[in-house]
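S.K.: A single structure is presented below for examination.
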Amino acid sequence: MKVLNLQQIDKGADAKKMKIVSVTEEWKVICKEIMDELEDGVIDDPDQCIADLSSMLLMLRLHPIAQTVEKIMWALDLDDLKEETLVDTIFRSIFAMVDTDDSKCVDKGELKRAMHILGLHTMTDEQAERIIKEFDVDNSGTIEEDEFVAWMSNTYCRPGEVDKPPVKLNGELWTPPQEGLLIVDFKADRMPPSQSEIGTDEGVLRLIENINHAATPSERQKLFDKATSNSDIFMTAAQAQKLMDICPAGEELDTITKLLPQMIDAQQSCQLVDGNLTINQIICMKKKMGPAFTVIMGNR
């Protein structure tokens, strides 16, 4: 695993103290601060409330600008507000903001607007339609308020909501050091992408068509790299294989190394690797990718 140097602190009488707070504890603190501000049904300090709401949304991996957070705040339903329903209330406030025609439901255009105002990636029509199809329980062709909240909760409610057991070392409770050098090995299961982040077969075919129509090999490589490097779109093994089929001979190893981080899970990654690489190539790739290989391929 990759070793991360978290912080270097000078030792001595004036050494600074390093406070380590878990995501779960941070979440509890933010919730309490917001509830203290809102539970009487009156927003006494809007600026502080906006700051606390921004922190909470950031922990949910949402990045709206301050003006948007302010609109969310003023749209909150403060009647009978409870801590256990706080996030639900915030999501309903966002729904009210994007339901511009007050139809009590959002179509794909309004869903795409929700992504935009929350500071997220641009959503395509195909992605919006796929989300509506998945969460449209009553088959209305749109997402109603409860369905919108269900989608937001399913997609973004993953900050450390569940208390984790204490860390033990050699059977004894481990306490983080307060000064000096702390080096940590991070180990975590790979999080699967949401349904909206999985690419479509049509999208992959369009990408291949664009690559094939590029004027020069360098332009083809740029298109490929742009589609796979730090992309928000993930692929199945079958979709990635279509890209493998057009890669130049001798470049299979480099191509798969670029594709693997975009696979939807370890099983699909193994399927792609086993179908294209020799044992020696797999060993070379493992050395090249380092700790990332185990994360992407599972405990292979």
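What follows draws every value from the coordinates through simple rules; no lab data is involved. Because the structure is a prediction, the values reported are computed rather than measured. Heads up, the Cβs are rebuilt from the backbone with ideal geometry, glycines too, and the neighbour counts pull from every protein chain shown.
S.K.: Based on the mean of other Cβ atoms within 10 Å per residue, sort peptides 266-276, 247-257, 41-51 so the most packed one is first.
M.R.: 266-276, 247-257, 41-51
S.K.: Would you calculate the separation in nanometres between label points at residue 168 and residue 244, each defined as 7 Å from the Cα along the Cα-to-beta-carbon direction?
M.R.: The modelled label-to-label distance comes out at 4.3 nm.
S.K.: A follow-up question, please. Within a 10 angstrom radius of the beta carbon, how do 136, 101 rank from fewest other beta carbons to most?
M.R.: 101, 136
S.K.: Continuing with this model, one more query. Quick one: go through the stretch 25-59 and flag any residue whose amide nitrogen is under 18 Å from the point 7 Å out along the Cα-to-Cβ line of residue 80.
M.R.: Within reach of a label on residue 80: 39-42.
S.K.: Once the piece of chain linking residue 278 and residue 43 is laid out straight, how much longer is it, given 0.36 nm per residue of separation minus the C-alpha distance between them?
M.R.: 78.2 nm
S.K.: Now, a different point. Go through 218-226, 192-200 and give me the packing order, highest mean Cβ count within 10 Å leading.
M.R.: 192-200, 218-226
S.K.: Can you order the peptides 236-245, 102-111, 77-86 by their average number of other Cβ atoms within 10 Å per residue, highest first?
M.R.: Going from most to least packed, we get 236-245, 102-111, 77-86.
S.K.: Where the Cα atoms of the chain are projected onto their three principal axes, how long is each span, largest first, in whole Å?
M.R.: Each principal axis gives a Cα extent; for the chain these are 68, 62, 34 Å.
S.K.: Mind checking the full-extension length gain between residue 67 and residue 213? Use 0.36 nm per residue of separation minus the Cα-Cα distance, one decimal, nm.
M.R.: Taking residue 67 through residue 213 to full extension adds about 48.2 nm, to one decimal.
S.K.: Continuing with the same structure: With viscosity set to 1.567 mPa s and temperature to 4 °C, compute the Stokes-Einstein D of the stretch 23-156, Rh being the Kirkwood radius across alpha carbon pairs; µm²/s, no decimals.
M.R.: 85
S.K.: Report the extension gain between residue 157 and residue 206 in nm, rounded to one decimal, defined as 0.36 nm multiplied by the number of residues separating them, less their alpha carbon distance.
M.R.: Here the segment from residue 157 to residue 206 would lengthen by 14.4 nm.
S.K.: How would you rank 58, 76, going from fewest to most other Cβ atoms within 10 Å of each one's own Cβ?
M.R.: 58, 76
S.K.: Turning to a different aspect of this structure: Which whole-number percent gives the relative contact order of the chain, counting Cα pairs below 8 Å spaced six or more residues apart?
M.R.: That works out to 18 percent.
S.K.: If neighbour count is taken as other Cβ atoms inside 10 Å, put 27, 74, 151 in order from fewest to most.
M.R.: 74, 27, 151
S.K.: Rounded, prolate or oblate, given the Cα gyration tensor of the stretch 195-297, with a/c below 1.5 counting as rounded?
M.R.: The shape class here is oblate.
S.K.: For residue 222 paired with residue 197, estimate the spin-label separation in nm (one decimal), with each label point 7 Å from Cα along the Cα-to-Cβ line.
M.R.: In this crude label model, residue 222 to residue 197 measures out at 2.8 nm.
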